[in-house]
Amino acid sequence: MNRAVRACLAVLGSATLLITAPPSTAAQGATRVITDIPYAPADPPTSRGHLLDLYLPQAPHDAPWPLLIWTGGSGWMADNGKDSAGPIAQAFNPRGYAVAGVSIRSSSQVQFPGQLHDIKAAIRWLRAHAREHRLDTRRFAIMGDSSGGWTTAMAALTGDVPALAGNVGVIRGSSAVQAAVAFYPPTDFLQMDEQMLPGACASFNETFGLTDCHDDPASPESLLVGCPIQTCPRAAQAANPVNYVSRRDPPIMILHGQQDTLVPHAQSILLYNALRAKGSEATFFSVPGAGHDWQQVLDPANHTGHTVYRTRDGSERITVGAPDPSWDTIDRFLRQAFRR
């Protein structure tokens, strides 16, 4: 594992890669947890990138449950996106949601569009096994942070486009979701360096052992697409969620801290503006005091003067200071989206 990978895992709190173990079931309070479910064969054999965990409420009379899919970020350098789903389940199981923590393969295991094919395969698996786990296939939502926010946006915006379905797994069917929540997603890789906060590229380089920030040949974005991004703009743009925006998109919420030193706040502005221009339904929380951390984004201490942009059918409403970005606000957004 090279220096850049070690640094990324340290910064983003990722765990060491492990060999797949058989699925196991355990009860955690009012939640039943099934871990290490393979939604597709491991590829490569030691990868954990085709596993998911299910967190199911223990109140069967409320089933079938809406499903919230979580995939955590790692700069695409780890295959353990499911491992950060615990706090999400703690927040949403009591609100009547099933939660699936989903891992996708790292950039060292597959290059783009492999990660998009993985998340789509996981969604298809969950839909195919919905009756077994009492999931409501009409109420699927996806949420993630950082590169997981990118995965969230890509999954939501590409829906059931046949050319992007991929051939991961053996299950066919719909990989569409009905709502999406993206925390600080990278979008246009080619603009990231010019959008970085003053001094942020220097600290980024030091942290990840690079010399040219996001444009570096060994940057997370370059490793994802398989080439230094500025030398292969077509490959970089193919991985840009903005390029898949359409009026048919499900409602999407975007949350980003203005003090983010890893993924520039302007990356979310690009996505929101594209959604507004197409007449899609979107909500964007811009949080002044928060960095690259969803807990900071949701922390009431950072909510003084935050701005909320909401758009639908080309119209826009902007408010300052309300509503707060919170689990309750996200819950209301999801339930409204499910009623569309």
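The values are calculated or read from the model by the stated rules, or taken from the named source; none is laboratory data. Bear in mind that the values here come from a model prediction, so they are computed numbers and not experimental data. Cβ coordinates were reconstructed from backbone atoms using ideal geometry, including for glycine residues, and neighbour counts include every protein chain displayed. Just so you know, the surface numbers come from the protein's heavy atoms only, side chains and all, with ligands and any DNA or RNA stripped out. Shrake-Rupley method; radii C 1.70, N 1.55, O 1.52, S 1.80 Å.
Among the residues of the range 107-141, which ones are among the aromatic types (Phe, Trp, Tyr) and either outside any loop (DSSP other than H, G, I, E, B) or at pLDDT below 95 (or both)?
Residues of the range 107-141 that are among the aromatic types (Phe, Trp, Tyr), as a first pass: 112, 125, 140.
Correct list: TRP125, PHE140.
Only one of these is touching a Phe, Trp or Tyr at 6+ places or on another chain (Cβ under 6 Å) and modelled with pLDDT of 95 or more: GLY75, GLY86, GLY144, GLY149. Name it. Before the answer, list the steps.
On the way: GLY75 fails: touching a Phe, Trp or Tyr at 6+ places or on another chain (Cβ under 6 Å); GLY86 fails: touching a Phe, Trp or Tyr at 6+ places or on another chain (Cβ under 6 Å); GLY144 fails: touching a Phe, Trp or Tyr at 6+ places or on another chain (Cβ under 6 Å).
GLY149 is the lone residue from the list that is touching a Phe, Trp or Tyr at 6+ places or on another chain (Cβ under 6 Å) and modelled with pLDDT of 95 or more.
It is to be established whether one or more residues within the range 147-163 are touching a residue at least 24 places away in the same chain (Cβ under 8 Å), more than 21 Å from the chain's Cα centre (by Cα) and not in a helix (DSSP H, G or I). Steps first, please.
Step one: filter the range 147-163 for residues touching a residue at least 24 places away in the same chain (Cβ under 8 Å), giving 147-159, 161.
Now narrow it down to the ones that are more than 21 Å from the chain's Cα centre (by Cα): none.
Taking every residue of the range 147-163 in turn, none turns out to be touching a residue at least 24 places away in the same chain (Cβ under 8 Å), more than 21 Å from the chain's Cα centre (by Cα) and not in a helix (DSSP H, G or I).
Test of understanding: among ALA236, ALA282, ALA322, which residue is at negative phi and open to solvent by 20 Å² or more (accessible area, probe 1.4 Å)?
Within the list ALA236, ALA282, ALA322, the selection yields ALA322.
Each row is one residue, and each column tells you yes or no for (1) farther than 26 Å from THR261 by Cβ; (2) in contact with a strand residue (DSSP E or B) (Cβ under 9 Å, 6 or more places away or on another chain).
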residue	(1), (2)
SER106	no, no
VAL110	yes, no
PRO113	yes, no
LYS120	yes, no
GLU132	yes, no
SER146	no, yes
ASP160	yes, no
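Residues being small (Gly, Ala, Ser) and either assigned to a helix (DSSP H, G or I) or crowded, with 20+ Cβ neighbours inside 10 Å (or both): count how many of those fall in the range 195-216.
The initial filter retains those residues of the range 195-216 that are small (Gly, Ala, Ser), namely 199-200, 202-203, 209.
Filter once more, keeping what is either assigned to a helix (DSSP H, G or I) or crowded, with 20+ Cβ neighbours inside 10 Å (or both): 200, 202-203.
Residues in the range 195-216 being small (Gly, Ala, Ser) and either assigned to a helix (DSSP H, G or I) or crowded, with 20+ Cβ neighbours inside 10 Å (or both): 3 in total.
Residue check: is ASP145 buried (at least 24 other Cβ atoms within 10 Å of the Cβ) and in contact with a Lys or Arg (Cβ under 9 Å, 6 or more places away or on another chain)? Let's see the steps before the verdict.
Numbers: buried (at least 24 other Cβ atoms within 10 Å of the Cβ): yes; in contact with a Lys or Arg (Cβ under 9 Å, 6 or more places away or on another chain): no.
In short, no.
How many residues, within the range 170-191, are buried (at least 20 other Cβ atoms within 10 Å of the Cβ), touching a residue at least 60 places away in the same chain (Cβ under 8 Å) and over 19 Å from LEU67 (Cα atoms)?
Residues that pass the stated criteria total 5.
For ALA78, only one of the following conditions fails: (1) surrounded by 24 or more Cβ atoms within 10 Å (Cβ to Cβ); (2) assigned to a helix (DSSP H, G or I). What is its number?
The single condition ALA78 does not satisfy is (2).
Please specify each residue of the range 285-319 satisfying the condition of being assigned to a strand (DSSP E or B), crowded, with 20+ Cβ neighbours inside 10 Å and either in contact with a His (Cβ under 8 Å, 6 or more places away or on another chain) or of a type in the set (D, E, K, R) (or both).
Across the range 285-319, the qualifying residues are PHE285, SER286, VAL287.
Before we move on, is ARG139 in contact with a helix residue (DSSP H, G or I) (Cβ under 6 Å, 6 or more places away or on another chain), of a type in the set (Lys, Arg) and under 26 Å from SER246 (Cβ atoms)?
Numbers: in contact with a helix residue (DSSP H, G or I) (Cβ under 6 Å, 6 or more places away or on another chain): yes; of a type in the set (Lys, Arg): yes; under 26 Å from SER246 (Cβ atoms): yes.
Here the answer is yes, as ARG139 does meet what is asked.
Can you give me the number of residues within the range 217-247 that are assigned to a helix (DSSP H, G or I), within 30 Å of GLN178 (Cα to Cα) and not hydrophobic (A, V, I, L, M, F, W, C)? It would help to see each step written out before you state the result.
Taking the range 217-247 and keeping what is assigned to a helix (DSSP H, G or I), we get 220-225, 229-231, 233-238, 241-244.
Right, trim to within 30 Å of GLN178 (Cα to Cα) and you get 220-221, 224-225, 234-238, 241-244.
If we keep only those that are not hydrophobic (A, V, I, L, M, F, W, C) too, we end up with 220-221, 234, 237, 241, 243-244.
Total satisfying the criteria: 7.
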